[in-house]
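Single-structure report; data block below.
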Amino acid sequence: MTITTTDTAVSPAAADPLKLTRRTMPDWITWALGAAAVGLGVLVKAVQGNWALGAFYAGLFFIATVTAASWRLEDRRRAKDRFATSIVYTAFVLAIVPLVSILGYTIKKGFEELSPYFLSHSMRGVGPRDDTGGIYHAIVGTLEQVGLAALIAVPLGLLTAIYLVEYGRGRLARSITFFVDVMTGIPSIVAGLFVYSFWIMTLGFEASGFAGSLALMILMLPTVVRATEEMLKLVPNELREASLALGIPKWRTILKVVLPTAMGGIITGVMLAVARVIGETAPLLLLVGLTQSINTNPFSGWQSSIPLYVFEQNHAGNQFSGDRAWAGALTLIIIVMVLNLVARLIARWKAPKAGR
Amino acid sequence: MSTSITPESRGDAKRDSGRRRGRSDKTGHGTDAKLPKPAKTQVRLGDRVFLGSSRGAGILLLVIMAAIAVFLVVEALDALGKNDGNFLTDSTWVTDGAKPAFGVAGLVGGTVISAAIAMLIAVPVAVGVALFITHYAPRRVAQTLGYIVDLLAAVPSVVFGLWGLVFLSPKLIGLHTWLSDYLGWIPIFDKDDAGATARTLFTCGIILAIMVLPIIAAVTREVFLQVPRAHEEAALALGATRWEMIRTAVLPFGKPGIISASMLGLGRALGETIAVAMVLSSSQELVFKFLDPGGNTIAANIANQFGESNELGRGALIASGLVLFFLTLLVNGAARVVINRHKEFSGANA
Amino acid sequence: MTTRPRLARRSTAFAAIAVAGALTLTACGSDDNSGSNDSKGTEQPGGGSTAPAAKLDCASGTLAAAGSSAQKNAIDEWAKQYQQKCSGSTVNYNSNGSGAGRQAFFDGQVSIAGSDSALKDDEAAKAQAACKAGPAINLPMVTGPIAVAYNLPNVKDLVLDAKTIAGIFAGKIKTWDAAEIKALNPSAQLPSSPIQTVHRSDKSGTTENFTKYLKATAGAEWAAEPSQDWPTQDGQSAKGSEGVASVVKSTSGSISYMEVSFAENNGLGIARINTGAAKPVKLTPEAAGKAVEAAQITGQGNDLKLKLDYATKVEGAYPIILVTYEIVCEKGTPADKLPLVKSFLTYTASAEGQGLLAKNGYAPLPASIAEKVRTAVTSLS
C-alpha cells in the first residue's frame, strides 16, 4: 500500500527490462575517489588554511563524483542509492563532530579538577581563595530531585500515553493532546515560577529539593507522554487483536503485550526526559534554594544540584571556580551516561525476546 | 492523539476501503463500546481500574496544565495592564521606572529565526543519523553509535553555552564571512561588519541544532526500528535498492514519528534558555540579518532579565512566556494536521 | 497480576538508582573542607585590622539568604569563617540575583536579601508587609570596585577619564589611537585598531552602577539614564561578568566593565581612572574604600541607604564602585531565626569581618559607616 502512493520508486525497474545481473561499479573506484577527495581536502586546507572548508569541499567532491561514476557505470537507480548512502553517512559524521568536540572539550577541562576528593566533598566552608571543596552535595541533590521527579512523571506520563493511544477518544483526549503539545513549549523558568507560586507561596511549603522535583516533573511529562505515545502507536494492531482474541482482558493486553513491545522506545523517551531535566538550572534556582552543605533530605531544607553548582561556580569568578564548573559539567554527563546505560540494560533484560 | 485514532478523518475517507477496515479495527479495540464482548459475564475489574487510572492520569495532567495556564494568564495580564508600549509590536524591554514599555516583536523574531535555523539543520541530519543507525551501520556497531548520539542529549545546556561561547563561535567567524560573501545578495544573509563576532542568531541556531539533534534522532530511530520487516522485505524482494526501500517503506511509515520527534526537538529549541543567553550578543531590537550580532529570544531574555527584575518585570517576562506558548501551539497544531494527513501509517498492519 | 509489577519495577528502578546512589555517596561524602589544601586556603582572620576582634555571640541553625552575585565571594569567605567559629551554624546564600533575592525576601523565603541597590519606595512597602512588625532596613556591607577592563596586549596601565569612557561606550570614540585617549596616555603605544565595546546583556547591578558613574561624571558625553539594562544598542553584549570577561579576553581591542575579580582572573588590563585628582587612580581595595568614605547616608534611622559620590576627586579614591546591601527586617524577623541573623551580620560588620574583604577583591566599609551598621545590627529585633 505504501508503495503505490509513491511514484518513482518502482517505475524505473519496470521500465528497464529486468536483468538478473547488472554492471556494478568496482570497489576500487570508490576508494580512489575517496583518496582524491582527501587529497582535495588537504589541498584546500593548504591554500585556505581552514580544515572545515577542506572537509566541506572534500565531502562535496566525493558525493558528486561517486554519484556521477555510478550513474555512468551502473544506472540511475544505483546512482541515487549511492547518493543517498553518502548523504546518510555525511549526516552521521555531521552529528558526531560536534559531539566529539563538546565531549572532548568538557573532558579536557573537567578532568583537571575531577577527583575522588572532588566527588566526595561539599563546598561547605570553602572560601573564594580555597582550592578545596567538591560537588558531593550537588550530586546528592540532583539524584534525589531527578529521581523524585521521574518517580512521579514516568508513571503519570505512561498512563496518560496509554489512555491517549488505547482508550482516549473525544473531547478529553483531544484536550489532553492539546495541552501536552503546549507543555513542550513551557520555558523551564515558567514551570519553576508556577511551582513557586503554587507550592511555596500558596500552600506555604519551604524551598526544598522536592519543590524542585515538582518543576522537573512538569518539564519531564510532555517528553515522556509524547515519546511513549509515539511508540505505543507503532505497536502492530495484530498483536493487540491476537491477545484480545484469546480472551485476555484489555488491561492485561496493554501491560503484557503492548508495553513490552514498545519498551525500548519508551525507555529511550524516559531517558531523553531525564536528560532534558537533569541539566535544568533556572527552576531550581527558585525552588531548591542553594546550599554549600550536604543535605540528604529532599523534603526539608535547601539543597543544591549539579547544574546549580555549575551555574554558581561559573558565575563566582574566583580563580578556582572555573575548573570546578567544568568538573561539575563532566560529572553530570557521566551520571547521565551511567543512568542511560542502566536503563538500557533494564530494557534489554525486560524486553520481549524476539520470537518469544 | 485522539484525533489520530478517530476513524472518520478526511485522510482515511479518501483511502481505499481496505485500509479503512484496518483502521476501524484499531479503533474498535480502542473503545470499550465496540469491543467484542465475549466476556460479558466476567467482571473486568482490572479493566475498569486500568481505564480509570489512565484516564485519571490524563485528567491530572490536564489539571496541572490548566493551573499553569491560569497562573500565567493572571500574572501576565497584571503586567500587561501597566505596559506603556505595545506588547506585540515593540522591541524594547524597559520594565523599570515610571514608564515601563516592553514588547515581544524582537524576541519573537529572534526565537523564530534561531529555531528555524536549528530545525533546518537538525531534522535532516537527525533523520540521516537515525537511518544510518537503523539501516546502514552494521548491527553490532549500530547500538553503540545510537548510544553515543544519545549522550549528546545528556550534555547540560550550560555546557553548550560555555562551549559555544569559548570554542565554537570563534570558529564560525569564517563560515559567517563565507556565507555573506556568497549569499550576501539575499538581504537576510547580508552582514554589516565582516569578520566581527560570530555570536549571532545563526550560531545560536547551530548550537540549538546540536542540542535538539539527539532528541530527534533518538525518537526517530525508535520509530524506524518499528517499521514492519514485511514492508522492508517486500520492497527489497521487488528489487528495490536500499534507498528505494527506505523511500517506499521506511520514510512513509516513520513520517508521523519524525514529525512528532521534530516537535519535541522544536519545543526545546524554542524554550532553550541558558545556552542562547550565554552565546548570543543580544540586543533589544528586531533583527532579520541573522549573520549580524543582535536580536534575542524569548527564553534567553527571561534568563537575562529574571534575576534582577522587579515584580512588573517578572510579570512582563511571564507574558513573554505566554507568547512562547502560543508559538509552540501554532507549530504543534500545524504538525498535528500533517500527522493526521499521514496517519494511515500509524498502527502497523504488517 | 504477574505483569503489574513489571511497570512498578521499572519506575522503582529509577528510584532505586537514585536512592542507592545517594546512599552510597552518603557513605563517603564529607562537609569537612578544612583538611587537604591548607597552603592556599588559610589566612589570619582579622589580620588586617587593628581593632581587637569583637567577642562573637554564636547562634546555631540555618541562615537562609539570597540575592546579588556580586557579593558571593565575600559571603563565602564570611560563611567559612563564621561556620568555623560557630559550629552548628550553616549559612546558605543563593546568589541568583538582587531582584530574585529581594523577591524571596518579600515572600518571606529568606531572612537576608543581598541587593546591589537599596529598596525603592514601593519595594520598601512590600518589605514592610513581609516584616509585619516594622520596616526593612538597608545595611551596606560589601563594596566592590568595578574594573574598566580592556584587551590591548601591548598597553599596560591605560589611563581613562569619565568623558573618554563615556565617549568610547557611546560609540563616539572609535579607535584606540583617538586623540582623547592619546591625550591621557602620551607615552603608550596605542594601536589604530577599532575599539570593540562589550556590555552586559543581562539586567545587572554592575551596569546600573557603571551607568550611574557615567551619568554623574561625563556630563554631555553620556546622555542615557542610569539603568540595569545597557541603554544603547552599540557594541557586543554578553551574559554575566564571566561572559563579558571571556569575550574581552578573546577579542583583541575590546573594552568592558566588570567586577574586578573577573578582570584579574582573565588577565585583562585594568584601566586607571583620571578622576581630576593629581594622579590617575589605580583600582585597589583601598582606593575603592576611599570612594565609599565620600558617600553620604541618606536613609533614616537604622536604614543606612547610601548615596555614592561617583564624581569624587579625593586623591587616590577609585570612583566606580558598587555597594551591596544586606536587607533585613528591623523588627519582625521570626524569633527562631533572629539570633543567627544578628550574630552573622554582627560578624560581617565587625572589624574582623570587614578586614577579610580586601583579600578577596572587595573594599571594607569606612569606619564611620561600619560603626553605624554595627549599631543597626544590634538593634535588630
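The values are calculated or read from the model by the stated rules, or taken from the named source; none is laboratory data. Owing to the predicted nature of the structure, the values given are computational and were not obtained by experimental measurement. So basically every Cβ, Gly included, is an ideal-geometry build from the backbone, and we count neighbours across all protein chains shown. Note: areas computed on protein heavy atoms with side chains; ligands, DNA, RNA excluded. Shrake-Rupley method; radii C 1.70, N 1.55, O 1.52, S 1.80 Å.
A compact table of results
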| item | result |
| --- | --- |
| Subset of B:Lys171/B:Lys255; C:Lys182/C:Lys279; C:Lys174/C:Lys290; C:Lys172/C:Lys212 violating a 25 Å alpha-carbon distance limit | B:Lys171/B:Lys255; C:Lys174/C:Lys290 |
| Positive-end residue, segment A:23-110 charge dipole about Cα centroid, Cβ charges, pick of A:Gly59, A:Phe92, A:Pro26 | A:Phe92 |
| Residues with amide H under 5 Å from that of C:Ser254, placed H, sequence gap 5 or more | C:Asn151, C:Gln196 |
| Between A and B, accessible area buried - total, square angstrom, nearest 100, 1.4 angstrom probe | 10500 |
| 5 angstrom amide H check on C:Gly114, placed H, neighbours 5+ away | C:Ala66, C:Gly67, C:Ser68, C:Ile327 |
| Within segment A:23-110: Cβ-based charge dipole about Cα centre, in debye rounded to nearest 20 (Lys, Arg +1; Asp, Glu -1) | 100 |
| Positive dipole terminus of segment B:106-342, leading residue within B:Val108, B:Thr241, B:Leu151 (C-beta point charges) | B:Thr241 |
| Charged-residue dipole, Cβ positions (Lys, Arg, Asp, Glu), segment C:259-381 about Cα centre, Debye nearest 20 | 160 |
| Against the rule of thumb 2.2 N^0.38 Å, how large the Cα Rg of the protein assembly as shown comes out | 0.99 |
| Gaussian network model of chain C, springs between alpha carbon atoms under 10 Å - residue of C:Pro145, C:Pro366, C:Pro334 with greatest fluctuation | C:Pro334 |
| Phi-based couplings in Hz for segment B:307-316 (Karplus 6.51, -1.76, 1.60; Gly and Pro marked x) | x, 10, 7, 7, 4, 4, x, 4, x, 5 |
| Helix C:121-131 vs. chain C, principal-axis angle (Cα, 0 to 90°, nearest 10) | 20 |
| Value at 222 nm in deg cm²/dmol, rounded to 500, when DSSP H runs of n ≥ 4 in chain C each add -39,500 (n - 2.57) | -11500 deg cm²/dmol |
| Total accessible area lost when C and A pair, probe 1.4 Å, Å² to nearest 100 | 5300 |
| Computed helical MRE - 222 nm, chain A, DSSP H runs ≥ 4 contributing -39500 (n - 2.57), nearest 500 | -23000 deg cm²/dmol |
| Helix axis angle, A:259-278 relative to chain A longest principal axis, alpha carbon, degrees | 60 |
| Antiparallel DSSP beta bridges within the protein assembly as shown, percent to nearest 5 | 60 |
| 25 Å Cα-Cα threshold exceeded, pairs from C:Lys282/C:Lys305; A:Lys45/A:Lys80; C:Lys163/C:Lys359; C:Lys239/C:Lys307; C:Lys85/C:Lys337; C:Lys132/C:Lys203 | C:Lys282/C:Lys305; A:Lys45/A:Lys80; C:Lys163/C:Lys359; C:Lys239/C:Lys307; C:Lys132/C:Lys203 |
| Pairwise centroid distance, computed over Cα atoms, of segment B:151-194 with segment B:105-141, Å | 16 |
| Whole-angstrom gap from segment A:140-170 to segment B:248-301, using each part's C-alpha centre | 25 |
| Whole-Å distance, taken between Cα centres, linking segment A:297-343 and segment A:239-256 | 45 |
| Helix A:170-184 axis, angle to chain A major axis (alpha carbon atoms, nearest 10°) | 80 |
| Estimated Rh, chain C: Kirkwood, alpha-carbon pairs, angstrom | 22.5 |
| Share of carbon and sulfur in the accessible heavy-atom surface of chain C [1.4 Å probe, %] | 53 |
| From phi via Karplus (6.51, -1.76, 1.60), per-residue ³J(HN,Hα) for segment B:234-243 in Hz, x at Gly/Pro | 4, 4, 5, 5, 7, x, 5, 6, 4, 5 |
| HN-Hα J in Hz across segment B:100-117 - Karplus 6.51, -1.76, 1.60, θ = phi - 60°, x for Gly and Pro | x, 9, 9, x, 9, 3, x, 5, 5, x, x, 4, 5, 4, 5, 5, 5, 4 |
| Highest-fluctuation residue, A:Val38, A:Val165, A:Val342 considered, GNM on chain A with Cα pairs under 10 Å | A:Val38 |
| GNM top mover of A:Trp28, A:Trp199, A:Trp251 - chain A, alpha-carbon springs below 10 Å | A:Trp28 |
| Cross-link reach list, aspartates and glutamates versus C:Lys331, counting only Cα pairs under 17 Å and skipping chain neighbours closer than eight places | C:Asp107, C:Glu123, C:Asp303 |
| Summed buried accessible area for C+B [probe radius 1.4 Å, Å², rounded to 100] | 2000 |
| Amide proton proximity set for C:Ser89, modelled H, under 5 Å, gap of 5+ | C:Gly61 |
| Average accessible area per residue (Å²) across segment A:23-110 - probe 1.4 Å, nucleic acids and ligands excluded | 57 |
